[in-house]
Ligand code: GLC
């Protein structure tokens, strides 16, 4: 039985809440904190077993003199990103926002101000929706237990330490309350993460989500508080979208009734979330194709940048984002508001679809004509998005239907004439063709 609330199922409510999100398709993830100074990723304290005392100099000297979120927002906008999620607090417990409940915050570093406030203002001014990442894990709070993922786990004097879990929960809930009450309308709360026994009600997750929604009725919540979004009637805290990390699902994501579930893959541009001085980057082609892959399966891409200790988005990241943005300027109509086509994945690329308009994303140059399997009679006009030029749709060039490798309902596409020869793809990232029936 599907639970009805005010005549609308929970599933329908979630579909309604996530409508903008499913249209937006592309967002910016920002991992930024005092770990930008060691420049070895945001897990550095854990990976190198750095004590609080030895981590303190990063706090004392955090002075991002170049921090200009208007510039970040400009970069995101130019890249075609429609929302942004920033680490208000990461696992190290350091807060970019001015929390009343801790001294471990940007206002007490040489930065001397609430860095989240400026972020929110700058991104909103560009029409970009804003979200907060908030770490459930906290390596700084004295009442956070010395569990496995704590940098001090296994150290005898830490393992003996007493802690008061309820105190930590109060702190965590209060901080989240600050985030959802002090910064105007917030579009996404992105909690991270649950593990082992630390799941769901261990975080008092129902209470937490109820509080968040009380202040922000339309807000989206990620799925890392625990619970199972795929159940017919998921827990209140199970979330609004699935969040695969560093992977693109192999097909659309559905619940146990087969209904589509919103999802968002979060992906790094290089090999860490937080700033790394030395890192290997993906290419703009990789990113564009990853975005298309997501949309073709009804998902979003949340692409990460890790600004450095001065507050700059790394040049390598900026360059990739610029190329992605240039591609989206021409091809955005095949991404925003689009989702899967009800067609098998073609061997030369992917399809996306919005309403009756189908988009063929050609990644691999074909020998001669391209198969548009099962599409005969369904589309009869094709235009390349890159320049509005026509493609040729029709039969297999050599009297085809009799041949065993051509099915009756196969349509064939050629990028030029003569139709049987190989025409080079106009866009090395992804050449998109708009296909319609006139
Ligand atoms: C993981 C990591 C974290 C990163 C996040 C992004 O949970 O612990 O460092 O922020 O994933 O998805």
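The values are calculated or read from the model by the stated rules, or taken from the named source; none is laboratory data. Just so it is clear, the model here is predicted, and its values are computed rather than measured. Don't worry about glycine lacking a Cβ; one is built from the backbone with ideal geometry, like all the others, and counts go over all protein chains shown.
At-a-glance table
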read-out: The range 256-279, residues that are farther than 19 Å from residue 301 by Cβ and surrounded by fewer than 17 Cβ atoms within 10 Å (Cβ to Cβ); value: 256, 257, 258, 259, 277, 278
read-out: The range 49-79 - residue that is in a loop (DSSP other than H, G, I, E, B) and in contact with a helix residue (DSSP H, G or I) (Cβ under 9 Å, 6 or more places away or on another chain) and, of those, nearest to the ligand (Cβ to nearest atom); value: 50
read-out: Unique match (being surrounded by 24 or more Cβ atoms within 10 Å (Cβ to Cβ) and at negative phi) among 74, 45, 17, 40; value: 45
read-out: Boolean, residue 319 is surrounded by fewer than 16 Cβ atoms within 10 Å (Cβ to Cβ) and modelled with pLDDT under 95; value: no
read-out: Condition broken by residue 130, with the remaining ones in (1) assigned to a strand (DSSP E or B); (2) within 16 Å of the ligand (Cβ to nearest atom) satisfied; value: (2)
read-out: Residue satisfying condition, being away from the ligand (no atom under 16 Å from the Cβ) and either in contact with a strand residue (DSSP E or B) (Cβ under 8 Å, 6 or more places away or on another chain) or within 26 Å of residue 173 (Cα to Cα) (or both), within set 274, 227; value: 227
read-out: Criterion: within 29 Å of residue 263 (Cβ to Cβ) and away from the ligand (no atom under 16 Å from the Cβ) - qualifying residue of 189, 152, 211; value: 211
read-out: Residue under evaluation residue 235, criteria (1) out of contact with any helix residue (DSSP H, G or I) (no Cβ under 6 Å at 6 or more places or on another chain); (2) in contact (Cβ under 8 Å) with a residue 24 or more places away in the chain; (3) assigned to a loop (DSSP other than H, G, I, E, B); (4) closer than 30 Å to residue 314 by Cβ, criterion not met; value: (4)
read-out: Some residue of the range 393-401 being within 15 Å of residue 419 (Cβ to Cβ), modelled with pLDDT of 95 or more and surrounded by 15 or more Cβ atoms within 10 Å (Cβ to Cβ); value: yes
read-out: Single residue of the range 420-430 satisfying the filter (within 30 Å of residue 329 (Cβ to Cβ) and in contact (Cβ under 8 Å) with a residue 40 or more places away in the chain) that is farthest from the chain's Cα centre (by Cα); value: 422
read-out: Every residue from the range 150-192 that is farther than 25 Å from residue 123 by Cα, crowded, with 17+ Cβ neighbours inside 10 Å and either out of contact with any helix residue (DSSP H, G or I) (no Cβ under 9 Å at 6 or more places or on another chain) or not assigned by TED's automatic domain parsing to the domain that holds residue 140 (or both); value: 168, 171
read-out: Lone unmet requirement of (1) free of Cβ contacts under 8 Å to residues at least 40 places away in the same chain; (2) out of contact with any helix residue (DSSP H, G or I) (no Cβ under 8 Å at 6 or more places or on another chain) for residue 216; value: (2)
read-out: Single residue of the range 220-232 satisfying the filter (in contact (Cβ under 8 Å) with a residue 60 or more places away in the chain and within 21 Å of the chain's Cα centre (by Cα)) that is surrounded by the most Cβ atoms within 10 Å (Cβ to Cβ); value: 225
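Conditions (1) within 24 Å of residue 220 (Cβ to Cβ); (2) outside the structural domain of residue 157 (by TED's automatic domain parsing); (3) modelled with pLDDT of 95 or more; (4) over 25 Å from the mean Cα position of the chain (by Cα), marked per residue:
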site: 28; (1), (2), (3), (4): yes, no, yes, no
site: 39; (1), (2), (3), (4): no, no, yes, no
site: 52; (1), (2), (3), (4): no, no, yes, yes
site: 69; (1), (2), (3), (4): yes, no, yes, no
site: 82; (1), (2), (3), (4): yes, no, yes, no
